[in-house]
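The values are calculated or read from the model by the stated rules, or taken from the named source; none is laboratory data. None of the values given here were measured: they were computed from a predicted structure. So basically every Cβ, Gly included, is an ideal-geometry build from the backbone, and we count neighbours across all protein chains shown.
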Amino acid sequence: MAGHNKVAIITGAGSGVGRAVAIAFLKDGYKTVLAGRRADALDETIKLSGAPVEQALAVPTDVTKPDSVKALFAACKDKFGRLDVLFNNAGVNAPGVMLEDLSLEQWQAVVDTNLTGPFLCTQEAFKLMKDQSPRGGRIINNGSISAHAPRPNSVAYTATKHAITGLTKTASLDGRKYDIAVGQVDIGNALTEMAQRMTQGVPQANGKIEVEQVMDVNHVATSVLHMASLPIEANVLFLTVMASKMPFVGRG
């Protein structure tokens, strides 16, 4: 366990990438606040980490609701006194329907969680980090390969992930004066519940269905932990961690 006294908030910590990252942070010695919609899933993540009870705090949170986000950051401050790292990870996808068939409600649900949620969390992190002593901290956003290239029938998810890049860049700029470093991890085909379908075959740009290579989600966790471990004068602005042979850098 690392010899530090740092505090982290991880959203979407009840499953997938968020769970893997939360476990890695707890094992590294971070006092960790786990946010997610389901209290039982958050408690299970803490249990899986094997961390002492006093090192972790589960806060059921809906990142689309400003009051819920405010309560999350207030709980962090009350319990641990400060915040060193925020991992903006909570995200949802819409059904893989044709662009013209996606309902406004489906579009809005993705925008609210994937874009407005990280914005609200970033605002609260700024407020906390700029006023604490020592000042500053680090924010890491979950961008995704979809922040660079779309999959077929993914307009809501891809649009929000492209927007996360804008949030990352702007927050990085606006955070300078507070010693807040902001970066983004773009993840490709980490094997989670969400990516399980990759192993069965998914639609490609050319219309074919192909099985895609996946990687262990723990490679994402170690990548985020590395980004978080840097001194505040150094920042990984963008990091892409992906299954080596997934279709991204080639044509299709």
In the list Thr158, Thr168, which residue meets the criterion of being surrounded by 14 or more Cβ atoms within 10 Å (Cβ to Cβ), under 26 Å from Leu99 (Cβ atoms), among the β-branched types (Val, Ile, Thr) and in contact (Cβ under 8 Å) with a residue 60 or more places away in the chain? Thr168
Within the stretch 130-153, the count of residues that are out of contact with any helix residue (DSSP H, G or I) (no Cβ under 6 Å at 6 or more places or on another chain), assigned to a helix (DSSP H, G or I) and either among the basic types (Lys, Arg) or surrounded by 17 or more Cβ atoms within 10 Å (Cβ to Cβ) (or both) comes to 1
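Residue by residue, here is whether (1) touching a Gly at 6+ places or on another chain (Cβ under 9 Å); (2) under 24 Å from Tyr178 (Cα atoms) holds:
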position	(1), (2)
Arg37	yes, no
Lys47	no, no
Val85	yes, yes
Thr113	yes, no
Which listed residue is touching a Lys or Arg at 6+ places or on another chain (Cβ under 6 Å) and over 21 Å from Ile232 (Cβ atoms), from Ala109, Ala147, Ala159: Ala147
Out of Ile10, Ile46, Ile23, I need the residue that is in a strand (DSSP E or B) and surrounded by 17 or more Cβ atoms within 10 Å (Cβ to Cβ). Which one? Ile10
Can you name every residue in the stretch 186-241 that is in contact (Cβ under 8 Å) with a residue 12 or more places away in the chain, outside any helix (DSSP H, G or I) and β-branched (Val, Ile, Thr)? Ile187, Thr192, Val202, Val211, Val214, Val217, Ile232, Val236, Thr240, Val241
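Just to be sure, is Ile232 of a type outside the set (D, E, K, R) and either over 26 Å from Trp107 (Cβ atoms) or in contact with a Ser or Thr (Cβ under 8 Å, 6 or more places away or on another chain) (or both)? Talk me through it step by step, then tell me what you get.
On the way: of a type outside the set (D, E, K, R): yes; either over 26 Å from Trp107 (Cβ atoms) or in contact with a Ser or Thr (Cβ under 8 Å, 6 or more places away or on another chain) (or both): yes.
For Ile232, the condition - of a type outside the set (D, E, K, R) and either over 26 Å from Trp107 (Cβ atoms) or in contact with a Ser or Thr (Cβ under 8 Å, 6 or more places away or on another chain) (or both) - is met.
Condition (residue is modelled with pLDDT of 95 or more, crowded, with 19+ Cβ neighbours inside 10 Å, assigned to a helix (DSSP H, G or I) and in contact with a Cys (Cβ under 7 Å, 6 or more places away or on another chain)) applied to the stretch 80-87: is it met by at least one residue?
No, the stretch 80-87 contains no residue that is modelled with pLDDT of 95 or more, crowded, with 19+ Cβ neighbours inside 10 Å, assigned to a helix (DSSP H, G or I) and in contact with a Cys (Cβ under 7 Å, 6 or more places away or on another chain).
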Please enumerate the residues belonging to the stretch 173-191 that are crowded, with 19+ Cβ neighbours inside 10 Å and within 28 Å of Gln123 (Cβ to Cβ). Gly175, Ile180, Ala181, Val182, Gly183, Gln184, Val185, Asp186, Ile187, Ala190
Within the stretch 197-241, restricting attention to residues that are of a type in the set (Asp, Glu) and surrounded by 12 or more Cβ atoms within 10 Å (Cβ to Cβ), which residue is modelled with the highest pLDDT? Asp216
